[in-house]
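Chemist: Take a look at this one; I'll ask things after.
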């Protein structure tokens, strides 16, 4: 069950003209991973899926916090501030999970809490923030290009880090 963090997007990669669709694809993929984790009793699946969920969430949160939220903050400052607060809550849970063994009862319980928190956050973004961003008349391609460039640099940095760990 090798899970590529970007396998959930089409072969075309990041849709620069539709950055909200890219974020929604991330949301759908992490939802699938949470489902896979929480519905299996297979320890091997849990040991792979748990850390991958944390990795994907971290990359997604970094992308939103570094590029997306600053670009859309003026559209609805309170909504973006709330989203960033939800990210901080999720990051606290993620840090705790990193210190635990995937598949243990405590890890499973915390993973369910994280899933519930993240799915609430996703619903809020998709039902409230994204429609406001679409209606604001922003240059979506410019935002998409910035997000694509940031994501590419994250993937490159991650590849370099895993190369160092492999040697």
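The values are calculated or read from the model by the stated rules, or taken from the named source; none is laboratory data. Quantities reported herein were computed from a predicted structural model and do not represent experimental measurements. Cβ sites come from the backbone with ideal geometry, for glycine too, and all protein chains shown count toward neighbours.
Chemist: Within the set of pairs 6 or more residues apart or between chains, which connect a residue that is more than 11 Å from residue 102 (Cβ to Cβ) inside region 34-62 to a residue that is in a helix (DSSP H, G or I) with Cβ atoms less than 6 Å apart?
Modeler: Once the first residue is more than 11 Å from residue 102 (Cβ to Cβ) and sits in region 34-62, its partners that are in a helix (DSSP H, G or I) give 34/115; 36/49; 56/30; 59/154; 60/26; 61/87.
Chemist: If we scan region 72-85, do we find a residue that is surrounded by fewer than 18 Cβ atoms within 10 Å (Cβ to Cβ), in contact (Cβ under 8 Å) with a residue 12 or more places away in the chain and within 17 Å of the chain's Cα centre (by Cα)?
Modeler: yes
Chemist: Related question: Does residue 61 meet the test of being buried (at least 18 other Cβ atoms within 10 Å of the Cβ), at pLDDT below 95 and out of contact with any strand residue (DSSP E or B) (no Cβ under 8 Å at 6 or more places or on another chain)? Steps first, please.
Modeler: Numbers: buried (at least 18 other Cβ atoms within 10 Å of the Cβ): yes; at pLDDT below 95: no; out of contact with any strand residue (DSSP E or B) (no Cβ under 8 Å at 6 or more places or on another chain): yes.
Considered against the rule, which asks whether it is buried (at least 18 other Cβ atoms within 10 Å of the Cβ), at pLDDT below 95 and out of contact with any strand residue (DSSP E or B) (no Cβ under 8 Å at 6 or more places or on another chain), residue 61 comes out as no.
Chemist: Identify, from the list 30, 45, the residue that is farther than 21 Å from residue 152 by Cβ, at pLDDT 90 or above and part of a helix (DSSP H, G or I). Steps first, answer last, please.
Modeler: Numbers: 30 fails: farther than 21 Å from residue 152 by Cβ.
Only one candidate passes the filter, namely 45.
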